[in-house]
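Here is the structure we will look at, set down as C-alpha cells.
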Protein chains: 2
Amino acid sequence: MGPKRIHNFNAGPAALPRAVLEEIQSEFLDFKGSGMSITEVSHRSKWFDEVINDAIERTRRLLNLSSRYQVLFLQGGASMQFCMIPMNFLADGRTADYVNTGTWSTKAIKEARIQGKTVQVPASSEDRNFAYIPRKIQFSKDAVYAHITSNNTIKGTQWDAFPDTGQVPLIADMSSDIFSRPFDVEQFGLFYAGAQKNMGPAGVCMVVIRDDMLDLIPGNLPTMLKYSTFAEKNSMFNTPPCFAVYTVQLVLKWLEETIGGLEKMAAINQRKADLIYGFIDNSRFYNGTADPDSRSLMNVTFRLPNEDLEKKFVADALVNDLGGLKGHRSVGGCRASIYNPTPLQAVEALVDFMRHFESQNG
Amino acid sequence: MGPKRIHNFNAGPAALPRAVLEEIQSEFLDFKGSGMSITEVSHRSKWFDEVINDAIERTRRLLNLSSRYQVLFLQGGASMQFCMIPMNFLADGRTADYVNTGTWSTKAIKEARIQGKTVQVPASSEDRNFAYIPRKIQFSKDAVYAHITSNNTIKGTQWDAFPDTGQVPLIADMSSDIFSRPFDVEQFGLFYAGAQKNMGPAGVCMVVIRDDMLDLIPGNLPTMLKYSTFAEKNSMFNTPPCFAVYTVQLVLKWLEETIGGLEKMAAINQRKADLIYGFIDNSRFYNGTADPDSRSLMNVTFRLPNEDLEKKFVADALVNDLGGLKGHRSVGGCRASIYNPTPLQAVEALVDFMRHFESQNG
C-alpha cells in the first residue's frame, strides 16, 4: 500500500509535485552517490554547487532572463523583502509608488514607512475590500520604483497584465504566482517570491534583480540586508537554506521537463481555473468574492450561503480527502489554492465534491 | 543493499543522526497521516503546531530554561544575528563588549560597527592567530551586553567555562556547540545558533532570549528585524522554515530519547575528542593548531608536515569514506568536525585511518 495522499488546496506551504517528493525521498540518505544526505553536504561542495547553479539556470531559461538579471536566494520570506526593498533602494528625499491590492501590499507599505521612507499610494482597491485590481493608474514619473503584488493570495485577485510604469522600474511580490505563466520581465527592476506556494517549501525566497538596481544600494547597510552581498557571492555569503533551494531546483526541473515550460503551465492553470470558476458562476449556492475581471488563477475565493455551511463544507471536504479549503483567518469563507503543482484531477475532484455538497445542502 | 553512507566530518552543514534521516524519509510523503508531506502542511495547522511546540519544549527541558526565556526560530543564520543584536539592543550612546576569538567574532564586531554602534573589544586572541581563548578579561560594567563566540569552528577553539560578566548580560554565538554539553543559562541575555552544525539542516537559527532583553528593543525597527515580533507570535509572524524546524525537532528528540540528554551527550563528545586529540598528541606527524587548554571538542584542527601531504590526506580519506576533512578555506590545513551526531565509531575510523596514513607517508 502506498502512502496516504490527499488533494491539497493549501494556500502555502502548499502542494508539491508528487514526483519531486518521491525523488527527494529516494535520495534522502545518499545524495547523488555522496554518501550523505542533501541536508549534510557542504554548501561549498560540488554537490550543492550543481544544485544551486541548476536552479539558477532553469530560472533563467523559464523566465527568459537577459544577462542584466541575477537570480538570488534569500531567507526570511517575502516579509523580509518588504523591509529590504526600501532599505536598499529608497534614499532620503526620494519616493516610491506602492499599489495597494490587499493584505500583503499593505504590509509592504507599512514596512517602508516604519523606516521613515516616503511612499505614495497611487491606487488602492481598499474601497471594496480589495475585490479588484485597480486600472488606469497614474504612476509618479520620479519614483525610484513602483511596487505591486502580482497575485493576492488572501483576496483572490491577480494582475492579468502588468501596469506600464514608463521608465520607473517595476518591483513585484510574485510569491503566489511566479512561474505560473510567461511574462515580459524587461520593465522589472526586481521581483521576488517566497517559495512555499508555486515553487518549493517554506524557507527560501527567490529574488530576481536587474543590474542597475544594485547601483542604488548604500554602502553602510548590514551585510545580510544588502542585495549586493547575495549578488556578489552567488547567494552564498553565508550558508544558504540548502534543502529549500534543492527542492526549488527539483520543482523547476519538473516544470521544464515534465510540464514543458511556462506556456504549457499557463494553459493547464487556465484550464483548472476555468473549471472551478465556471462551476461557481453557474451556481447560486457558491459565490466568488473577487470581481470576474480581477480573478486570480491561483487562489479561488468563494462564499457559501452562511458561515455554518462554510464550516461544514471545509470539514466534509477533508473527510473526502480534499484539504486546505478554509479561507484566510482574516477574511473567512472558503479558498481553493490551485498553484502549479495542483493537478487538474484535484480540481475535478473538488468540483465534483462542490456539486455533491450543494445537492445535499443547497 | 542499503544506501551508501560515509563518515561525515563536515563543519556545517554537517552530519545528522541516521535515525533522524530515516524517520524523515519514511514519513516524507505522508506526515503523521495528514496525507501531505511536512513540506506541504500549513504552518497554521495542528501538525506543524505540534512540531514547533515540541521543538521548543525539548529545548526548554534540555537546557533547563526558566520561564524568563523564550525559544525562537529565525532565518538568515548566525550572520543575520550579527546584525540584529546591536540593532535591537544597542541604543545611541551605549556600548557593548565583544571578545574576539576568530572569524565569526570578527564578523559580529564588523556588523555592529557598520550600523554606527559603539563596540569595545576587551580581549582578543588575534595576536596568535586565534589559537587560544583569552582569560581574565576586564569586561566593562556599563556595557549593554557582552558578546562571545562559544566555539570557534574555523580556529578549533572553545570556551570551556563562560566568563563572568557580572550584571552585564552575556550573549553568545553557540552555532557550533549548542546542545553539546550542559551549561548554566542564567547569566545569558541571549544565545543563538545556526542549526546546521549540532542540531539540524541549514535554514533555521535558534535564538533563546531572556525577557528583560525584549524591553530594550526600539519601536521603529522593521518588523522582521525585531526579536519581539518572533517572541509575540511563537516565531510565526510569517511562514517559518518548516522543514528545518521539523528536522531540529527530530534531532532534539534523538538527543533526549536516544542519547539521554546533555550530560550523556557531553560524555560521548569528550570521549570522541579525547580519542583524536590523544592520538595527535602522541604523533609527530600531526600537529594540533589550538592551544591544548583552549581546544574545541567540536572542531579538531590540525596540520600535517606540508600542504602536499594535507591534500593527499584529504583525498585518501575520502577514498576511504571519510569526508569533510579539509580545513576552512581561510586557514588551510585539516579539520575534523565531530558534532553531536558524529558517532564514536566514525572517530575511531578516522584515527585508524590517520595512523595508517602516517605509517605510509610519515
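Whether any residue in the stretch B:144-161 is within 16 Å of the chain's Cα centre (by Cα) and of a type in the set (D, E, K, R) is what I want to check. The answer is yes, given that some residue of the stretch B:144-161 is within 16 Å of the chain's Cα centre (by Cα) and of a type in the set (D, E, K, R). Among the residues making up the stretch B:2-15, those that are at the interface with another protein chain (Cβ under 8 Å from one of its Cβ atoms) and closer than 15 Å to A:His43 by Cα are B:Asn8, B:Asn10, B:Ala11, B:Gly12, B:Pro13, B:Ala14, B:Ala15. When B:Phe353, B:Phe357 are screened for being more than 24 Å from B:Pro17 (Cβ to Cβ) and part of a helix (DSSP H, G or I), only B:Phe357 passes. For the stretch B:28-45, filtering for residues that are facing chain A (nearest Cβ under 8 Å) and either surrounded by fewer than 18 Cβ atoms within 10 Å (Cβ to Cβ) or not hydroxyl-bearing (Ser, Thr, Tyr) (or both) leaves 10. Considering the stretch A:208-227, and only residues there that are within 11 Å of another protein chain (Cβ to nearest Cβ) and in a helix (DSSP H, G or I), the residue that is farthest from the chain's Cα centre (by Cα) turns out to be A:Thr223.
Among the residues of the stretch B:315-339, count how many are away from chain A (no Cβ under 13 Å) and either under 19 Å from the mean Cα position of the chain (by Cα) or not small (Gly, Ala, Ser) (or both). Selection size over the stretch B:315-339: 5. Summed over the stretch A:340-362, the residues that are within 14 Å of chain B (Cβ to nearest Cβ) and either within 19 Å of the chain's Cα centre (by Cα) or hydroxyl-bearing (Ser, Thr, Tyr) (or both) give a count of 4.
B:Gln270 falls short on exactly one of the conditions (1) under 29 Å from B:Glu23 (Cβ atoms); (2) buried (at least 21 other Cβ atoms within 10 Å of the Cβ); (3) among the polar types (S, T, N, Q), and that condition is (2). If you go through the stretch A:164-193 and keep only what is polar (S, T, N, Q) and under 19 Å from A:Pro134 (Cβ atoms), you end up with A:Thr165, A:Ser176, A:Gln187.
On the stretch given as the stretch A:83-112, residues that are within 12 Å of chain B (Cβ to nearest Cβ) and under 22 Å from A:Asp164 (Cα atoms) total 4. A:Val331 fulfils the conditions (1) crowded, with 19+ Cβ neighbours inside 10 Å; (2) in contact with a Ser or Thr (Cβ under 8 Å, 6 or more places away or on another chain); (3) in a loop (DSSP other than H, G, I, E, B) except for a single criterion, (1). Of all residues in the stretch B:16-27, exactly one satisfies the criterion of being at the interface with chain A (Cβ under 7 Å from one of its Cβ atoms) and under 18 Å from the mean Cα position of the chain (by Cα), namely B:Leu16. Residues of the stretch A:28-64 that are part of a loop (DSSP other than H, G, I, E, B) and either under 19 Å from the mean Cα position of the chain (by Cα) or among the β-branched types (Val, Ile, Thr) (or both): A:Ile38, A:Thr39, A:Val41, A:Asn64.
Mind listing whichever residues of the stretch A:136-150 are at pLDDT 95 or above and either among the acidic types (Asp, Glu) or over 15 Å from A:Thr106 (Cβ atoms) (or both)? Within the stretch A:136-150, A:Ile137, A:Gln138, A:Phe139, A:Ser140, A:Lys141, A:Asp142, A:Ala143, A:Val144, A:Tyr145, A:Ala146, A:Ser150 meet the criteria. In the set B:Phe237, B:Phe230, B:Phe243, only one residue is in the same structural domain as B:Ala143 (by TED's automatic domain parsing), more than 14 Å from the chain's Cα centre (by Cα) and free of Cβ contacts under 8 Å to residues at least 40 places away in the same chain; that residue is B:Phe237. Every test in (1) away from every other protein chain (no Cβ under 11 Å); (2) assigned to a helix (DSSP H, G or I); (3) surrounded by fewer than 23 Cβ atoms within 10 Å (Cβ to Cβ) is passed by A:Ser67 save one, and that test is (2). Number of residues in the stretch A:115-132 that are within 11 Å of another protein chain (Cβ to nearest Cβ) and in contact (Cβ under 8 Å) with a residue 24 or more places away in the chain: the value is 2.
Which residue, of B:Val314, B:Val251, is β-branched (Val, Ile, Thr), in contact with a Pro (Cβ under 8 Å, 6 or more places away or on another chain) and assigned to a helix (DSSP H, G or I)? Sole residue among the options that is β-branched (Val, Ile, Thr), in contact with a Pro (Cβ under 8 Å, 6 or more places away or on another chain) and assigned to a helix (DSSP H, G or I): B:Val251. Candidates in the stretch A:218-242 are the residues that are surrounded by fewer than 22 Cβ atoms within 10 Å (Cβ to Cβ) and hydroxyl-bearing (Ser, Thr, Tyr); of these, the one that is nearest to A:Gln115 (Cα to Cα) is A:Thr223.
Among the residues of the stretch B:79-99, is there at least one that is among the hydroxyl-bearing types (Ser, Thr, Tyr) and more than 26 Å from A:His43 (Cα to Cα)? Among the residues of the stretch B:79-99, at least one is among the hydroxyl-bearing types (Ser, Thr, Tyr) and more than 26 Å from A:His43 (Cα to Cα), which makes the answer yes. So for the stretch B:51-59 (the condition being touching a helix residue (DSSP H, G or I) at 6+ places or on another chain (Cβ under 6 Å), within 14 Å of chain A (Cβ to nearest Cβ) and touching a residue at least 40 places away in the same chain (Cβ under 8 Å)), does at least one residue qualify? Checked against the condition, which is being touching a helix residue (DSSP H, G or I) at 6+ places or on another chain (Cβ under 6 Å), within 14 Å of chain A (Cβ to nearest Cβ) and touching a residue at least 40 places away in the same chain (Cβ under 8 Å), the stretch B:51-59 yields at least one hit.
Can you tell me how many residues within the stretch B:286-329 are under 24 Å from B:Glu126 (Cα atoms) and of a type in the set (Val, Ile, Thr)? Qualifying residue count, the stretch B:286-329: 3.
The values are calculated or read from the model by the stated rules, or taken from the named source; none is laboratory data. Quick caveat, the model's predicted, so the values are computed rather than measured. Virtual Cβ from ideal backbone geometry, glycine too; neighbours counted across all protein chains shown.
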